[in-house]
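Notes follow the structure.
The values are calculated or read from the model by the stated rules, or taken from the named source; none is laboratory data. Bear in mind the structure is a predicted one, so any value in this text is a computation, not a measurement. Glycine gets a Cβ as well: all are built from the backbone with ideal geometry, and neighbour counts include every protein chain shown.
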Amino acid sequence: MRRRQRTTDTTVFRITQARRGLEEDVRDRQRRYIISMLVRTLAVVLTITLWNVNRPFAVVTLVLGTLLPYIAVVIANAGRENVPSLPSAFVGGEPRPALPPPGGGDLHNRS
């Protein structure tokens, strides 16, 4: 009897409009936050280094280092992506006519 060889191909294809997993979403938000904080740290270091060399550029980096934490938190807490729109279950078309009353007569002309 022949044994099947196991393949280690872990390619995953997304075939639905399902949302990304929570772990993946949190990991992406943490990555964005860390990158923003690294840029802020660089801005603060440049501010300290350039304060007596190029004061206008140092002020710009100081403002960037001051505002970037707020922006980073807002971006990191932006939440998950929007839910993809589901296909519409509504089938449009003209309304169907109502059935006539029993006896085929008019309701108001009963004698």
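Of the residues 32, 4, which is among the basic types (Lys, Arg), out of contact with any Phe, Trp or Tyr (no Cβ under 9 Å at 6 or more places or on another chain) and modelled with pLDDT under 85? Working first, answer last.
Numbers: 32 fails: modelled with pLDDT under 85.
4 is the lone residue from the list that is among the basic types (Lys, Arg), out of contact with any Phe, Trp or Tyr (no Cβ under 9 Å at 6 or more places or on another chain) and modelled with pLDDT under 85.
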Evaluation of residue 64 against (1) modelled with pLDDT under 85; (2) in a helix (DSSP H, G or I) (one fails), failing number: (1)
